[in-house]
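Read the figures in this text as sums done on the coordinates, not as results from a lab. Note that the coordinates shown come from a computational prediction; the quantities given were computed from them, not determined experimentally. All Cβ positions, glycine included, derive from the backbone under ideal geometry; neighbour counts span all protein chains shown.
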Amino acid sequence: MTFLFRLHRKCAILRRLATTLLVVAAGLASPVVVSAQAPPGFYIQTGPTLIGGAGWQVGVVRTSRMFSREGLLVSDLEPLLRKSTEQARVALLVGAAVRLTGVERTIGNVPYRGFDLDVGVRAGPALSFSSRDDAIARNSRFSLLVEPALRITHMRDSGRIWYLELGTVRPSLRIGVWLGRGR
């Protein structure tokens, strides 16, 4: 029963954080119509991971107007940096997301507002490692993860596309840029 209470509490915290991010994104959206729109295409997503660990994320994102497909490598290297007894982890996550603002633009004929909001799910294997593993830790190196994720992308006037991403896999908050061009 204690486990369920802790799990429910973590879900409530994640819901509050996601709601806060949505409100901030809505508040930052410019009421002026932005003529440039991040075109559908192939992008490399890269940037640091911040909250819940320290590491790096790199991967590919293929976007269309209403959805995206992605493959990302997410690392949590904080245990190696802090010299702790926890295990560092690298996860390869593959998934898809619905581009909510793209659906809104397609169905509602709404102009581009300067940002996109993607909600999706990813899944994949993770490998944990540490130089201080005991026998039990060595047996739990491999795991399968499922991650619901929320991503906000913003195209600057310079054409650079920035992203802010919230997921459930540690580290949960990631920021960075999309490199590449649309079709």
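Just a few scattered comments:
- Counted by neighbouring Cβ atoms within 10 Å, the residues 68, 128 run from fewest to most as 128, 68.
- For 110, 90, the sequence from fewest to most other C-beta atoms within 10 Å is 110, 90.
- Sorted fewest first by neighbouring Cβ atoms within 10 angstrom, 168, 101 come out as 168, 101.
- In nm, spacing of pseudo-spin labels at residue 142 and residue 129 (7 Å Cα→C-beta vector): 1.5
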